[in-house]
Amino acid sequence: MDKEQARKRIEVLRKEIDENRYLYHVLDKPRVSDAVDDSLKRELAKLEEQFPDLVTPDSPTQRIGGKPLDKFKKVRHRIPMLSLNDAFSEDDLKAWEQRLIKLAGEKKIKNSGFYCELKMDGLAVSLQYQKGVLTVGTTRGDGQIGEDVTNNLKTVESVPLKLRGDVAEEIEVRGEVYLPKKDFEKLNEEQKKKGGQIFANPRNISAGSIRQLDPKITASRNLQFMMYSIPTRLDLQSHHEEHDLAKKLGFKTSDKNKVCKDINEVLSFLKHWEKARQGLPFQTDGVVVGVDDKKVFEQLGVVGKAPRGRIAYKFAAEEATSQIKDIVVQVGRTGKLTPVAHLEPTLVAGSTISRATLHNADEIKRKDIKIGDTVVIHKAGDVIPEVKEVIKRMRSGDEKEFHMPKECPICGGKVIKREGEVDWYCADRDCSVRVMRSIGHFVSKGAFEIDGLGPKIIQKLIEVGLVKDATDIFDLKQGDLEPLERFAEKSAQNLVESIEASKEISLDRFIYSLGIRHVGSVMAQDLARQFGTLEKFTKACHEDFDRMYGVGGKVADSIIEFLEEEKNLRLIEKMQKLGVKIKSFESAVKADKLKDQSFVVTGSLETMTREEAHKKIIQYGGEVHTSVSSQTNFLIVGEEPGSKLDKAKKLGVKQISEKNFLEMIS
């Protein structure tokens with residue numbers, strides 16, 4: 001191949017590789033496999049090695065071509081990278097709007113509207129392009145002067161080395177470098193296996209990775225870039241147009257951002273994402289709210305180091321510090337002993353917290369938690385608050401060690417720890433708290449859901465001897481209840497009617513009501529789906545569970561242990577005699593297209609989760625296996641399949657795509 005032929009081939013390769021990069025890292029729509037992309041890159045590298053004078057700064061081979069530096073060069077920003085003032089409440093935001101109206105006038109603010117964008121929890125950087133080619137990439141630094149980290153930013157695949165389309169002028173694009181949650185978890189797992197440093201959050205990794213002197217370290221982490229402004233394009237009318245332009249130029253932009261006509265729409269946006277942020281693939285600690293009209297934004301000017309026309313609304317903090325006053329052990333419905341930290345009340349994620357779970361004795365030992373410690377409390381959404389870590393440097397020396405009790409703190413019974421488990425249990429099944437909580441679970445939402453049977457009523461019924469176990473509830477009469485404190489004729493009648501109405505129950509809710517260890521509401525649904533009837537469930541053996549998806553060894557052991565106890569089977573029988581009707585599970589789709597066929601799923605599917613695929617297989621009469629064997633009929637293969645694919649090939653198991661599977665049931 002002569003030089004001219006090489007030049008033409010190199011141009012074709014670069015164009016193809018960059019298009020693949022754009023589709024995969026910016027649009028999340030890969031069109032070729034990693035192997036194909038790697039092959040194209042190898043061919044390009046080989047040609048550039050053969051003709052070194054054809055290498056250009058925007059070539060895909062130059063992403064990881066930089067040599068390790070001794071130190072970073074300082075760079076002054078042409079336009080300062082300003083910080084933002086914070087808002088923590090609805091009142092703060094409304095007060096900010098009033099300041100804007102006072103400065104610019106109500107009409108201008110009303111006509112402008114606001115642009116809301118999720119605030120990435122990463123590292124702010126600036127990218128300079130000349131004639132469409134990336135020349136310099138810098139960190140924010142102090143806002144006036146940053147550090148030249150160009151070689152490191154080139155390793156971030158969602159940063160274009162060359163802009164799409166013809167861009168003649170010099171242009172600056174600013175944005176956030178961040179690490180997706182799944183990559184953060186994966187990296188920490190790898191660090192744990194190697195005995196390396198465990199990172200506290202994705203932001204720390206992003207900042208640390210971009211400031212590595214060796215670009216190869218940066219390249220080893222799957223960092224992403226999301227733009228948030230193009231300050232040099234003064235011809236644009238609005239901030240949202242900057243985002244539209246960035247998308248055309250080949251940058252990753254957020255489809256979650258929104259133009260809001262007024263502050264009420266802004267508040268709705270904030271309320272939505274404060275709850276929904278847990279489902280995002282990246283971490284966010286708030287929303288940047290700004291005046292959308294660029295002229296109005298510029299007129300509002302700057303106060304201190306922050307623009308008046310933009311503000312960062314911070315979500316309620318998910319972490320805070322507190323001091324452990326005491327550690328108290330609670331007894332659950334299964335007899336499990338759970339240590340709970342009693343704290344100095346502190347505000348976390350929008351609510352005042354005075355209790356936090358410590359999970360078990362092993363966790364207390366691992367985190368080295370003592371009574372009197374100052375600790376970091378973590379709470380996300382509706383999750384129970386937990387003690388994340390101890391701030392050991394704040395210890396005074398008066399802290400006390402905690403030891404699990406040798407006797408049940410409620411009944412004084414023997415405490416046991418099962419082999420292979422971390423939890424301790426009260427061995428006495430008649431322990432009053434166990435009985436009360438077990439009945440409370442039995443009548444709760446998701447189980448029998450009996451209105452009027454709260455904890456105090458249950459406790460009273462146990463105290464007077466009307467209820468010894470859950471089945472006694474169905475034998476209660478209005479006359480039994482009327483003499484009791486807290487009951488009148490009407491309330492007694494209402495409770496009896498509520499009990500009567502609850503007697504017809506679906507199989508999944510019934511299984512959940514039994515309070516079997518490790519069987520929550522989702523697992524109960526899976527069991528009901530796969531067994532179909534109560535009779536099949538109560539006669540289950542280990543072989544039945546081995547064939548099922550989603551049922552691990554611990555769950556199977558726990559169910560078998562429960563069903564082998566004659567007392568439990570008698571309770572089920574007694575309930576049925578008292579009029580409880582357990583309805584067989586009815587699938588949403590009644591079909592047997594997959595009858596007598598067994599399936600295993602591997603890799604990520606495009607239109608549904610693996611869990612949803614499992615459910616469809618069951619609904620259409622098929623069986624789901626968790627591992628490939630000679631008995632497997634089909635392996636459904638998604639993106640990035642695991643070792644199951646290799647095993648299927650060895651055993652001659654037929655492999656089908658997600659599309660093939662959907663055709664089978666269509």
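The values are calculated or read from the model by the stated rules, or taken from the named source; none is laboratory data. Predicted model only: the values in this text are computed from it and were never measured. Note that we place each Cβ from the backbone using ideal geometry, even for glycine, and neighbour counts take in every protein chain shown.
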Failed criterion for T56 (all others in (1) assigned by TED's automatic domain parsing to the domain that holds T232; (2) assigned to a loop (DSSP other than H, G, I, E, B) hold):
(1)
Consider H614 against the criteria (1) modelled with pLDDT under 85; (2) surrounded by 16 or more Cβ atoms within 10 Å (Cβ to Cβ); (3) over 30 Å from A447 (Cα atoms): it satisfies all of them except one. Which criterion is unmet?
(3)
Step by step: first the residues of the range 417-437, then only those that are part of a helix (DSSP H, G or I) and either closer than 16 Å to S558 by Cα or of a type in the set (A, V, I, L, M) (or both), then the one that is modelled with the highest pLDDT. Which residue is that?
M436
Of all residues in the range 392-411 being farther than 21 Å from D362 by Cβ, assigned to a loop (DSSP other than H, G, I, E, B) and of a type in the set (A, V, I, L, M, F, W, C), the one that is farthest from the chain's Cα centre (by Cα):
C411
Somewhere in the range 307-314, is a residue touching a residue at least 40 places away in the same chain (Cβ under 8 Å) and over 30 Å from G122 (Cα atoms)?
no
If I filter the range 577-602 down to residues being of a type in the set (S, T, Y) and within 19 Å of A528 (Cα to Cα), which single residue comes out as modelled with the highest pLDDT?
S598
Within the range 221-254, the residues that are surrounded by 15 or more Cβ atoms within 10 Å (Cβ to Cβ) and either of a type in the set (S, T, N, Q) or in the same structural domain as R21 (by TED's automatic domain parsing) (or both) are N222, Q224, S229, T232, S238, T253, S254
Residues in the range 550-572: is at least one in contact with a strand residue (DSSP E or B) (Cβ under 7 Å, 6 or more places away or on another chain) and either free of Cβ contacts under 8 Å to residues at least 40 places away in the same chain or in a strand (DSSP E or B) (or both)?
no
If we ask which residues in the range 255-283 are surrounded by fewer than 21 Cβ atoms within 10 Å (Cβ to Cβ), β-branched (V, I, T) and either at pLDDT below 90 or over 19 Å from M227 (Cα atoms) (or both), their number turns out to be 1
If only one of G454, G465 is over 17 Å from G332 (Cβ atoms), surrounded by fewer than 21 Cβ atoms within 10 Å (Cβ to Cβ), modelled with pLDDT of 85 or more and of a type in the set (G, A, S), which one is it?
G454
Provide a single number: the residues in the range 617-643 that are surrounded by 21 or more Cβ atoms within 10 Å (Cβ to Cβ) and assigned to a helix (DSSP H, G or I).
2
Condition check: among the hydrophobic types (A, V, I, L, M, F, W, C), surrounded by 14 or more Cβ atoms within 10 Å (Cβ to Cβ), modelled with pLDDT under 85 and farther than 22 Å from N152 by Cβ. Does V36 satisfy that?
no
